[in-house]
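Where a number appears in this text, it was derived from the coordinates with a stated rule and is not lab data. Just so we're clear, the structure is a prediction, and the values are computed from it rather than from any experiment. Virtual Cβ from ideal backbone geometry, glycine too; neighbours counted across all protein chains shown.
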Amino acid sequence: MKKFVLPFLLLCMALLAVACGGESTADDLLGEIQERGTIRVSTDANYEPQSFLDDSGKFVGFDIDVATEIAKRLGVEVEFITPDWDLITAGNWGGQWDMSVGSMTVTTGRQEVLDFANPPYYYTPPSSPPRPRRASPPRPTQRPSHLW
């Protein structure tokens, strides 16, 4: 039994060395993101209030909050990239970024080159009903002359 321990340990060390080599072991986008520790997100920096740069140059807005939450849940950092809108909607990003988070209208043409979340996102109506309109004051009416 002892004669198998040394070869087994050598085999384990060899497999570990191969697994920890310089090449990526991830074979899908999620694996690459987790391995890299960063998700690269394209966004439009001129689309207030969805995504824009504040006075200090920090990205803010609904789309930014969504992308940041996705990164947080994946346990990675987020990096924002701001390509031209035409590049985002053209598809075939060539690995320049991992995903786009933007309040983009789903069209047939875009569906041919992009994968959209289904549903894109939920709209939560207000939790309280809208205030009722004030009733208009009654308009003066004239009685028909035959009722006098």
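Below 8 Å between Cα atoms, with a sequence gap of 6+, how large is the relative contact order for segment 25-114 in percent? Show your work: numbers first, answer last.
On the way: 121 pairs, mean separation 31.4, N = 90.
So the answer I get is 35 percent.
Only bridges whose two residues both fall in segment 25-114 count here: according to DSSP, what percent of them are antiparallel, nearest 5?
Details: 4 of 11 bridges.
Here the share of antiparallel DSSP bridges comes out near 35 percent.
What does the charge count near Ile33 come to, summing +1 for each Lys or Arg and -1 for each Asp or Glu among other residues with Cβ under 14 Å from its Cβ? Provide the component values of the computation, followed by the final result.
Numbers: positive: Arg36, Arg40, Lys72, Arg73; negative: Asp27, Asp28, Glu32, Glu35, Glu77, Glu79, Asp98.
Result for the neighbourhood of Ile33: -3.
What share of all Cα pairs of segment 25-114, in percent, falls into each consecutive 5 Å distance bin?
Result, from short to long distances: 3, 14, 23, 23, 21, 12, 4, 1, 0 percent.
With each label point set 7 Å from Cα along the Cα-Cβ vector, what nm distance links Thr38 and Glu69?
So the two model labels end up 2.5 nm from each other.
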